[in-house]
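See structure below.
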Amino acid sequence: MSSQILFDSCADYRPFKVGDWTVDPAAGQISRDGILVKLEPKVMEVLSYLASRQGELVTRDDIERDVWKGAVISYDSITTAVIKLRKALTDDARQPKYIATVPKRGYRLIAEVTNLPGGEVREMAREDLISGSPGKRSHSLLSGPYLWAFSLTAVLAAILLFYADRHDRESVVTAQLPPSILVVPFTNLSNDPEQEFFADGMTDDVITDLSRLSNLRVFSSDTSSVYKGREVRAKEIGAELGADYVLSGSVRREGDSIRINAQLIDAKTGLQKWASRFDKRLVDVFTVQDVVTNSIVEALAVHLTVQEEQRPGIRNTADLKAYELFQEGQKLAKTGSRESNEQAQALYRQVIGLDPGYGRAFGALAYQLAYTYRRGWADSPLATLDRALELAQKGVQLNDSIPQTYWSLGYAHMMRKEYAKAQQAVAKAISIAPNYADGYALLAFISNDMGEPEPALDFTTRGMQLNPYYTWHYPYNQGRAYYTLGRYNEAILSLSGALEVNENALPARLFLAVSYMHVDRQDDAEWEIEQIRVLEPSARLAEIRNIIPIQKPELMESFLTDLRNAGMPE
């Protein structure tokens, strides 16, 4: 059959089979032997797309172009969708029967694909649900441990960690969670495709502004980006994420004028809570963000603290060209490659040249330089790290009203092993924006480096809830904390999940190898070391001290001993 015909047919919701699984795009589920598995819409689209090109190499660029429609997404978004698909199909990445990974290139669906008559799959699914036969069950990937299956106590412990002494965390009492909201990426209605950066920037800024409200749970930008370019109803998003409300909007720019539409929908009822249209001159456009935030506060009756009532709005650049270049740099920065890192740095420097007072650009450039140091790409490592700290401090000086500048400062301090200063900076970021998922993730990194696994687990749990489409860093920090606690089987599960998101994540392979050593899986440990040597041929124990900073000497020596026993050369 024609691959294009099959993928187009998926848009018409016609069923088909992949191996022994029956796929029903209309119902958003797959079934086999009476077992029904619900798939998220984007995961179903990936499956349909791979099926449309059965046996072919499908690159990440292909998937981003044809499934995400060119939306700005993180490198891990596609990998996360494939991981969830493998879990649904009960496939093994190392010995695949359905989806094979082609290292550094993409994926190939290797199972047989066949079409089915239109009604067959739905009738079978209906009978399965009615029969209630023993062994027949239905479950959803969204109920798995990687999203919402975390205890309320753990959530509250993470939230309150900044307001109570860490030794008192166990005394936290449960309370009703505040309402949650997802901001769907604003649609660009302009004729100019270049305005896509502007629409994405508006989305991110609204998310940042809402994240500053302690009595509202706001999903992260990474999770928001998954819905870019998709026609999806608020009730569907509510079902997928457990979101209470959905904010959507559009941007149309013509000459010196811009029109912005925004609406707030109740995700449970599908009813509109608030809507408005704004016609502004470009120089006044950022005032809309404050209006949208205030309108949501009123519509949802969100209680504001005294500090939140007095907090100023987000200070943006008044130079629209600088703003667009900054957003272009943000897209490049998400890919994480050396080339994109250098390109993002160049764009941030242009932005600073256009607007020397744009604090967030200084913070973004600081992070890219610190990341350059971390990856060993810098010709003058210490000078690069010094410059990163200088830029991060300048970013905070210019704009201390947003979490991103403090986050960059915390990251620079962490790279310098100045952990107390790093914690202080990131805690400030979260005090500004209690819903800042990346802030919790960075605090987990810092806690692990300090040899404090319990708070690392708390922070990771909170970050995963705010960012269900998390990057590999989240399960990595979770697994690393489990290793330190001696909970090796749990460490293996989390670290394997991190590698499914990013198979090139060297730190995750290091901790997976040493975790295998403690459960008598020497062969698996040695295999991980071999993979590390393929990724980094120069990897040696002497270099691990710099790659994985561990503040406590006894923990570092124990870690290095485990690596040595697993086969890592001196």
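The values are calculated or read from the model by the stated rules, or taken from the named source; none is laboratory data. Please read these numbers as outputs of a predicted model, since none were measured by experiment. Note: ideal-geometry Cβ built from the backbone for every residue, glycine included; neighbour counts use all protein chains shown.
Remark: residue 411 matches the filter, which requires a residue to be under 30 Å from residue 562 (Cβ atoms) and buried (at least 19 other Cβ atoms within 10 Å of the Cβ).
The criterion of at least 1 residues that are at pLDDT below 85, surrounded by fewer than 17 Cβ atoms within 10 Å (Cβ to Cβ) and touching a helix residue (DSSP H, G or I) at 6+ places or on another chain (Cβ under 9 Å) is met by the following strands (runs of 3 or more DSSP E) wholly inside segment 172-285: 257-266, 272-281. Kindly evaluate residue 420 against the criterion of being in a helix (DSSP H, G or I), within 30 Å of residue 177 (Cβ to Cβ), in the same structural domain as residue 355 (by TED's automatic domain parsing) and at pLDDT below 95. No, not satisfied. Do we find that residue 505 is outside the structural domain of residue 85 (by TED's automatic domain parsing), of a type outside the set (Phe, Trp, Tyr) and at pLDDT below 90 in this structure? Criteria met by residue 505. Entry remark, segment 247-273: residues being among the charged types (D, E, K, R) and under 18 Å from residue 293 (Cα atoms) number 3 in total. Remark: pairs (first residue in segment 210-230, within 18 Å of residue 198 (Cα to Cα); second residue in a helix (DSSP H, G or I) and charged (D, E, K, R); Cβ separation under 7 Å; 6+ apart in sequence or on different chains) = 221/204; 226/42. Within segment 363-385, does at least one residue satisfy the condition of being assigned by TED's automatic domain parsing to the domain that holds residue 461, in contact with a Gly (Cβ under 8 Å, 6 or more places away or on another chain), farther than 29 Å from residue 544 by Cβ and surrounded by fewer than 24 Cβ atoms within 10 Å (Cβ to Cβ)? No: zero hits. Closer than 18 Å to residue 98 by Cα, crowded, with 18+ Cβ neighbours inside 10 Å and at pLDDT below 85: which single residue out of 36, 6 fits that description? The conditions single out 6.
Annotation: of all residues in segment 525-554 being of a type in the set (Lys, Arg) and under 30 Å from the mean Cα position of the chain (by Cα), the one that is farthest from residue 508 (Cα to Cα) is 552. Looking only at residues that are among the polar types (S, T, N, Q) and in contact (Cβ under 8 Å) with a residue 60 or more places away in the chain in segment 238-291, which one is nearest to residue 41 (Cα to Cα)? Top of the filtered list is 248.
Among residues that are at pLDDT below 85, surrounded by fewer than 16 Cβ atoms within 10 Å (Cβ to Cβ) and closer than 17 Å to residue 468 by Cβ, residue 145 is included.
Residues that are among the charged types (D, E, K, R), outside any loop (DSSP other than H, G, I, E, B) and farther than 14 Å from residue 66 by Cβ within segment 21-51 comprise 24, 32, 38, listed in sequence order. Once segment 497-512 is narrowed to residues that are within 19 Å of residue 443 (Cβ to Cβ) and buried (at least 24 other Cβ atoms within 10 Å of the Cβ), the residue that is nearest to the chain's Cα centre (by Cα) is 498.
Looking for something of a type in the set (Asp, Glu), more than 19 Å from residue 447 (Cα to Cα) and over 29 Å from the mean Cα position of the chain (by Cα) - is there at least one such residue anywhere in segment 555-567? For segment 555-567, residues of a type in the set (Asp, Glu), more than 19 Å from residue 447 (Cα to Cα) and over 29 Å from the mean Cα position of the chain (by Cα): present.
Remark: residue 519 matches the filter, which requires a residue to be of a type in the set (A, V, I, L, M, F, W, C), farther than 26 Å from residue 424 by Cβ, modelled with pLDDT of 90 or more and not in a helix (DSSP H, G or I).
The set of residues from segment 522-570 being in contact with a helix residue (DSSP H, G or I) (Cβ under 6 Å, 6 or more places away or on another chain), in a helix (DSSP H, G or I) and over 23 Å from residue 489 (Cα atoms) comprises 535, 541.
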